[in-house]
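Take a look at the structure below.
The values are calculated or read from the model by the stated rules, or taken from the named source; none is laboratory data. Keep in mind the model is a prediction, meaning the values are calculated, not measured. Backbone-built Cβ (ideal geometry, glycine too); neighbour counts: all protein chains shown.
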Amino acid sequence: MKFSIVVAAYNVAEYLEECVDSLANQNFPNSEYEVVIVDDGSTDGQTGNLCDQLTSKYEVVRTIHQENGGLSSARNTGIKESKGDYLLFVDGDDFWSNPEFLHTLSENIENYRSDVIVFSYNKYHGLDDSVKVSFDFIPNQGDINDELAELVKNEVLTAPAWNKCVRRNLFKQGLDFPIGFLSEDCLYCADLLKLISSYSILNVDCYQYRQNRLGSITNIIKEQNVIDILKSIEIGLTDIDKLSSNVKDALNIYFAISYISILPFVNQYSSHPEIQRLLRDYKFLLKFSNEIKNKSFKYTGLLTRLFGVNLSIKIFPHLMKLYKKF
């Protein structure tokens, strides 16, 4: 079997049918892919039953019910129970818009034999209202040893997890999602950087990343999100001295982006002693600001170096609207 598509589902009954329909109706042989829904202990009285109905409806769909353990736990269960040579992840409130996607993805794999295929996506606000995030400025394939840092600088090999197709062999080497983290993709994609030996790019319209869903964890920056991202940096850098120079460079830039990304949201939580410690310990990452192509992150990092972390986190909430002009 070529592909396993892991769908983590928790209280997403309103969106799940559209999601699974888009995956199960691919113009690709049923014997060559599967959709593994992991119902993560949904409590809405609807999602679990809907998972079973979709399993009955489609030959390629199967459902695993488990007690609630969070998104990482659900994805890890899907990884463990899946059969495909390549794995993809889809959040239960997102969907695919292209029935030829798996066919096109399969052709990419046949051409390049990559460990990781990164594909473009759309920030979906509704019908006729989406913003495409494309990687058409990057060659379709290249030498990972020469280009790893460049891919990170351009936010190609960074979070999220759901716009990447990953060869199973990397999961056999220990790749998984960190349990108990709200911002799980940060550490997952950092670990991916350490393992990847080849990549390719696929610029096709398909993944629809739903925006502004009520209750979505991506819409709220909680204290725990800030702590988890900073802890991900701490964990992700523990073995940096054992890595090759190109991976070190890429990882430092990767975590500089992670560090900078939470600065505008830190002030309300700045009295937390763990946040204070982690901000202090990893402020050295700001020196990589010049390497980042995204102007909002670049200028945020440069301003923080200029004014210091303590002052910067106080003024950034008032400046966030200005970032959109860069």
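Here are a few things to note about the model shown:
- Of all residues in region 103-151, those that are of a type in the set (A, V, I, L, M), within 22 Å of Tyr86 (Cβ to Cβ) and crowded, with 17+ Cβ neighbours inside 10 Å total 9.
- Output for region 1-17, where each listed residue is assigned to a helix (DSSP H, G or I), surrounded by fewer than 23 Cβ atoms within 10 Å (Cβ to Cβ) and within 21 Å of the chain's Cα centre (by Cα): Tyr15
- The single condition from (1) touching a strand residue (DSSP E or B) at 6+ places or on another chain (Cβ under 9 Å); (2) touching a residue at least 12 places away in the same chain (Cβ under 8 Å) that Ala149 fails is (1).
- Residues in region 152-167 that are among the basic types (Lys, Arg) and in contact with a strand residue (DSSP E or B) (Cβ under 9 Å, 6 or more places away or on another chain): 2 in all.
- When residues of region 137-193 are limited to those that are more than 21 Å from Asp94 (Cα to Cα), of a type in the set (Val, Ile, Thr) and not in a helix (DSSP H, G or I), the one modelled with the lowest pLDDT: Ile138
- Residue selected from region 54-101 under the condition outside any loop (DSSP other than H, G, I, E, B) and among the small types (Gly, Ala, Ser), by the criterion farthest from the chain's Cα centre (by Cα): Ser56
- Among the criteria (1) within 19 Å of Leu182 (Cβ to Cβ); (2) of a type in the set (S, T, N, Q); (3) touching a residue at least 40 places away in the same chain (Cβ under 8 Å), the one Thr304 does not fulfil is (1).
- Residue check, Leu87 under 19 Å from Phe177 (Cβ atoms) and touching a residue at least 60 places away in the same chain (Cβ under 8 Å): yes
- Flag if Ser296 is hydroxyl-bearing (Ser, Thr, Tyr), modelled with pLDDT of 95 or more and either closer than 25 Å to Leu192 by Cα or surrounded by fewer than 19 Cβ atoms within 10 Å (Cβ to Cβ) (or both): no
- Screening the candidates Leu187, Leu157, Leu193 for the property of being in contact with a helix residue (DSSP H, G or I) (Cβ under 9 Å, 6 or more places away or on another chain), crowded, with 17+ Cβ neighbours inside 10 Å and more than 24 Å from Asn111 (Cβ to Cβ) yields one hit, Leu187.
- Checking every residue in region 230-245 against the condition of being at pLDDT 95 or above, touching an Asp or Glu at 6+ places or on another chain (Cβ under 7 Å), surrounded by 19 or more Cβ atoms within 10 Å (Cβ to Cβ) and not β-branched (Val, Ile, Thr) gives zero matches.
- Residue match in region 25-36 (condition: without any contact (Cβ under 8 Å) to a residue 24 or more places away in the chain, outside any helix (DSSP H, G or I) and surrounded by fewer than 16 Cβ atoms within 10 Å (Cβ to Cβ)): yes
- Residue match in region 200-213 (condition: crowded, with 22+ Cβ neighbours inside 10 Å, part of a loop (DSSP other than H, G, I, E, B), in contact with a Phe, Trp or Tyr (Cβ under 7 Å, 6 or more places away or on another chain) and among the hydroxyl-bearing types (Ser, Thr, Tyr)): no
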